[in-house]
1. By accessible area of protein heavy atoms, probe 1.4 Å, what ranking do A:192, A:302 get, highest first?
2. Taking 7 Å along the Cα-to-C-beta vector as the label spot, tell me the residue A:60-residue A:312 distance in nanometres, rounded to one decimal.
3. When the scattering of segment B:320-361 is computed by the Debye formula from its Cα atoms alone, each counted once and equally, what is log10 I(q)/I(0) at q = 0.13, 0.25, 0.30 Å⁻¹?
4. Put +1 on the Cβ of each Lys and Arg and -1 on the Cβ of each Asp and Glu in segment B:178-318; which of B:185, B:270, B:302 then has its Cα farthest toward the positive end of the dipole?
5. With a 1.4 Å probe, what is the total accessible area buried between chains B and A, in Å² rounded to the nearest 100?
6. Under unit Cβ charges (Lys, Arg +1; Asp, Glu -1), what dipole magnitude, rounded to 20 debye, does the protein assembly as shown have relative to its Cα centre?
7. To the nearest 0.05, how large is the calculated FRET efficiency for residue B:154 and residue B:398 if R₀ is 56 Å and r is the Cβ-Cβ distance?
8. Give the residue from A:188, A:119, B:478 lying farthest towards the positive end of the charge dipole for the protein assembly as shown; charges sit on Cβ (+1 for Lys and Arg, -1 for Asp and Glu) and the dipole is referred to the Cα centre.
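The values are calculated or read from the model by the stated rules, or taken from the named source; none is laboratory data. None of these values were measured; they are calculated from a predicted model. As a convention, Cβ positions derive from the backbone with ideal geometry for all residues, glycine included, and neighbour counts pool all protein chains shown. Just the protein is used for accessible areas: all its heavy atoms, side chains included, with ligands, DNA and RNA removed. Shrake-Rupley method; radii C 1.70, N 1.55, O 1.52, S 1.80 Å.
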Amino acid sequence: MLEQGKISGRQAYLLIINVILATAILFVPAIVTSAAKENGWLAAILATAVGVVISILIANLGLRFPDRNLFDYLGDIVGTIPGKVIAFLYIWWFLHMNALVIREYGSFLVVAFLPETPISVFNFSILILAGWTVKQGLEVICRTNEIFLPLILVGLIVLFLLAVPEMDFRWLLPIMEHGVKPIVHGAVIPISWYGEIATMLMIIPFLKQPQNFRKIQNLAVITIGIFFTMVVLGTVAIFGPELTPRFIFPTLNAARIVNIANLLERLEPIVMAIWITGAFIKITFFYYVAALGTAQFLNLSSYRPVVYPLGIILGAMSILIHPSILELEHFLGKVWPVYAISTFEVGLPLLLLLIAIIRGKRGKT
Amino acid sequence: MKKPVKLKFGSKGTKVKNANSYAQKEEPPGEEKCSLGLSSSLEENLGHLREIFAKSTDIIFRDFTIGRWGRLRAAVVYVDGLINITDVNENLLKAVMLEMPMAGNDQDLTKLDVLQKIKDSAFPLSQVKEATLIEQVVDAILSGDTAFLLDGYSTALLVGARGWETRSLDEPATESVVRGPREGFVETLRINTSLIRRKIKSSDLKIEMMKLGRATQTDIGIAYMENLATQELVSEVKKRLQQIDTDSILESGYLEEFIEDNPYSLFSQVNRTERPDKVAAGLLEGRIAILVDGTPFALIVPALFIEFLQASEDYYERYMISSFVRLLRYAAFMVSLLLPSLYIAITTFHQEMLPTDLLLSIAAQREGVPFPAFVEALLMEISFEALREAGIRLPRPIGQAVSIVGALVIGEASVSAGIVSPAMVIIVAVTGISSFIVPNYAMAISMRLLRFALMILAASLGLFGIMAGLIAIVIHLATLRSFGMPYLSPIVPTHPAAWKDTVIRTPWWTMLTRPPLIKKGNLHRQRPYTRRWPGQEQGGEANGRKNKN
C-alpha cells in the first residue's frame with residue numbers, strides 16, 4: 001500500500017462530515033430553496049435519506065474488499081484493461097470535482113472578502129498548502145481535520161443560536177403546498193454532494209477497523225443531514241423563501257445580520273474561518289485521493305512525486321474551467337448532479353457492486 | 001602530546017573498545033586514543049602519564065614510598081581542584097604512608113598481593129575501582145578521580161575522592177513558582193541525580209550513565225522508571241544518544257538538537273526543565289529524563305505540545321484555580337500569536353468588522369501616522385523584541401535603565417511624535433505581556449517568530465492570510481512526533497481518557513490513571529475512591545499516594 005498511516009473510526013467519521021459539509025454549508029440554502037421554497041428543509045431531509053442509501057451502497061462495495069481500495073480491486077472486478085479505464089475516469093472525476101471546489105473557494109473569497117485580489121492568488125496559495133499537506137499523508141490530513149472540524153461545527157451552532165432573534169419561523173409555512181415535486185427537485189443537488197462519499201472507497205483499507213465503516217458512514221451522513229437542515233431552516237426563517245435563493249451565500253448573509261447588543265456584530269469572519277478551514281481540508285482530501293489514485297494507476301511506489309504536478313493541473317483547471325461564478329453556479333446546479341450521480345457517485349459503484357456479486361469477487365474479510 | 005606515545009607503543013591495531021559504544025565508530029584522524037595496558041614498572045607508567053599530561057600544570061604527580069624501609073614505590077596522580085584534598089591527604093596518603101607500615105613488616109609487603117591488601121584494608125574510602133589500561137586511568141583522573149599506582153603492579157587503583165566548587169541549590173531562575181518546591185538543579189550531575197532520588201524513593205528508578213563528547217567527555221544520565229517507561233522508548237533514547245559523535249556537549253541544548261525527531265521545526269520537541277519535581281513527575285508518567293553534567297537543564301522526552309503550556313504549579317495549586325490559569329494561558333497564547341496580525345488585517349483590509357465607534361477612534365489616532373499599519377506594527381514589535389533581548393543580556397543594574405528608556409522613548413515619545421498610534425502601543429504591550437504568560441521559554445520564542453510570519457501574511461492577504469498561516473501551523477504540528485508520540489496528542493489523535501489534564505486540570509482524586517499515552521505496566525496511580533474513608537462521605541484532604549501528573 002502506498003499509504004502507511006492508519007486512521008481511527010472517529011477520524012474517518014469527522015473526515016466524511018467535513019468532506020461533504022464544508023462546501024455545501026454555504027451553498028445549500030440557496031440551492032434547495034430555489035426549487036423547494038419554504039419546504040427547503042424537507043428537501044434537505046430527503047437528500048439525507050437518499051444519502052444514507054448511497055452510503056450503504058458505497059459501504060457494501062468497499063467492505064467486500066476491506067483490505068484494499070477501489071483502484072486495487074477494480075481490475076479484479078472488471079478485468080485489467082477496463083479497470084484501468086475506470087480508474088482513469090475516476091482520477092478525472094477527483095480532479096474535476098476538486099477544481100470545482102477550489103474555484104468555489106476562490107470565488108467566495110474574492111466575492112465576499114477581498115474583491116480586488118485576483119482569484120489565482122487564493123487558488124494557488126491554497127494548493128501549495130494542500131500539496132504540502134498531501135505529502136504528509138492521510139494521518140496528518142485526518143488529525144488536522146480532527147482539530148478544525150469540531151471548531152467549525154461549534155462555530156456553526158453558535159452562529160445559529162445568535163441568529164435566533166432574527167428568525168421568524170412563520171416563513172416556513174405552508175408545508176408541502178405544491179406537493180412532493182418541488183421537494184424532490186430541491187433535493188437533487190444535495191444528493192450529488194452526498195454522493196461525494198464515493199471518494200471514501202479510496203481510503204476504507206486505511207481504517208484501523210474497516211468493519212465499522214458502515215456504521216461510521218451512516219452516522220456521518222445523518223450528522224451532516226442535521227446540519228444541512230439546521231442551516232436551511234435558519235436562513236429561510238431569517239430571509240424568507242423568496243430572498244434566500246437570491247443570495248449566493250445565504251449563510252454568510254445570515255452571519256452579517258447578527259447583532260447582539262451592538263457588541264457582537266458582523267460575524268462573517270466566523271463564516272470565513274469555517275469556510276477556509278473546511279474547504280481547505282476538503283480540497284486536501286480530494287487532492288490526496290487523486291494523487292493516491294494516480295500513483296496506483298501508474299504503479300508508482302510512492303504517490304509523493306505526483307503531488308505537485310497534479311497541483312499545477314488542479315490550479316489551472318480551477319481557473320480555466322468556468323469563466324465566471326455565474327456559469328459555475330449554473331454548472332453546479334444543472335449539469336453536475338446528473339453527471340456525477342449517474343456515473344461516479346452511484347452509477348459506477350452500483351455497477352461494480354453488481355458485477356462483483358455476480359462474479360463472486362470478494363476480498364479477505 | 002599524545003603523538004610520541006602513539007608512535008612508541010601502538011597503532012590502530014592495539015586500539016581497545018571504549019566502554020561507550022559510540023567509540024566503536026572510526027574516530028577522525030589525529031584524535032587516536034592510545035589504549036595500552038599499564039606496565040608493571042611504576043617509572044614507565046608515570047612516564048606515560050607525564051607524557052600525556054605534559055604542559056598541563058593542573059595535574060599533580062606525587063610519588064612516595066610505602067613501608068618502613070621504603071622498599072615499595074608508589075604514586076598518586078590527580079587534577080588539582082577536582083579532588084577533595086583533605087580526603088586524599090587523610091584517607092589515602094596518610095593511610096598508605098603512615099598506617100600501612102604499622103600494620104605489618106616489610107617482609108609481608110614483598111610476599112603478599114600488596115595492591116589487593118591496600119584496596120581491601122588500607123583505604124577508608126568507599127569508591128575504589130581497579131584499572132589496567134592507561135586510557136582508563138587518564139579518563140578517571142580527568143573526571144576527578146585520584147589514581148594510585150604501585151610499583152610492580154600493572155593495575156592502578158582509582159580512588160573516588162572528588163570534590164570541586166559547586167553552586168548551592170537555588171530557586172530555578174526560569175521556572176519560579178508561588179507554591180511548590182524551590183530547589184532547582186545545579187551544574188553537577190551527581191547532585192541532580194540525588195535531587196531526583198530524593199523525590200522518588202523507589203528501586204524502579206534507574207539512572208544509566210554514559211559519556212558523550214570526545215573532548216568534553218560529558219557525563220549523561222538517562223533516568224527512567226523501569227516499571228513505567230516502555231523498553232522501546234528507553235532503547236530509542238539510548239540509540240539516539242549513542243549515535244551522537246561530536247567533540248563537545250556543553251549544554252543539554254546540544255543533545256536536544258541531536259536527538260529531536262524533526263530538527264527543522266520551530267517547535268521544541270524535547271521538554272527542558274530546571275525543576276527536580278517536574279522531572280520526577282515526568283518519570284512517573286513513564287517519560288525519560290536526560291541529565292547532562294555541567295548544566296542545570298534536564299531534558300524530558302517525549303514532550304507534547306500541551307506540556308509547553310503547563311507549569312508545575314498547576315498541580316500544586318487548587319484545581320479550579322489551576323484550570324482557570326490554564327485557560328488564561330491558552331487565551332494568552334493565541335493573543336500573543338495573533339493579536340498584531342489581526343490588527344494589521346482588520347485595519348488594512350476588513351475595517352467593516354470593527355464597530356463604528358472603535359473604527360472612528362482608531363482612524364483618528366492613525367491620522368498623521370506616516371506608516372501603514374504593517375510597518376508600524378513591525379517597527380514596534382522589533383523594538384519590543386530588542387528591548388526584551390537587551391533586558392536579558394545587560395548587566396542587571398542597567399536593566400532598569402533600559403526599561404525606562406524603552407517605556408519612555410518608545411512608548412511615550414514615539415506616540416507624541418506621531419510615529420506610531422496609541423492603539424499600536426496597546427497592541428504591542430498586550431502581545432508582550434501575553435507572551436510572558438506562556439510558561440515555557442522555548443515555546444514563547446517559537447510564538448514570537450511565528451508572530452512575525454503571521455504579520456507578513458496578514459499584511460498581504462488579510463484574514464485569509466492569517467487563516468492560511470494558522471492552518472499551516474496546525475498541519476505542521478500534526479506532522480510532528482516526539483519520540484514516536486504524536487506531538488498534538490492527546491488532543492489529536494484524540495485520547496479523551498487523557499483530557500483530565502489538558503486544557504483544564506481535574507482534581508487529583510479523579511486522576512486515577514497515568515496518562516495512557518505511554519503505555520506500560522500498572523496505569524493506576526492511586527486506588528479509586530481515595531476520598532472514601534470510614535464514617536464520612538466527603539470532605540477533608542484526599543489521602544493515598546499522590547503523584548504529580
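1. A:302, A:192
2. A separation of 4.4 nm, rounded to one decimal place.
3. At q = 0.13, 0.25, 0.30 Å⁻¹ the computed log10 ratios are -0.43, -0.80, -0.94.
4. B:185
5. Buried area (both sides, nearest 100 Å²): 2400 Å².
6. Dipole size: approximately 2400 debye.
7. 0.40
8. Positive-most Cα among the choices belongs to A:188.
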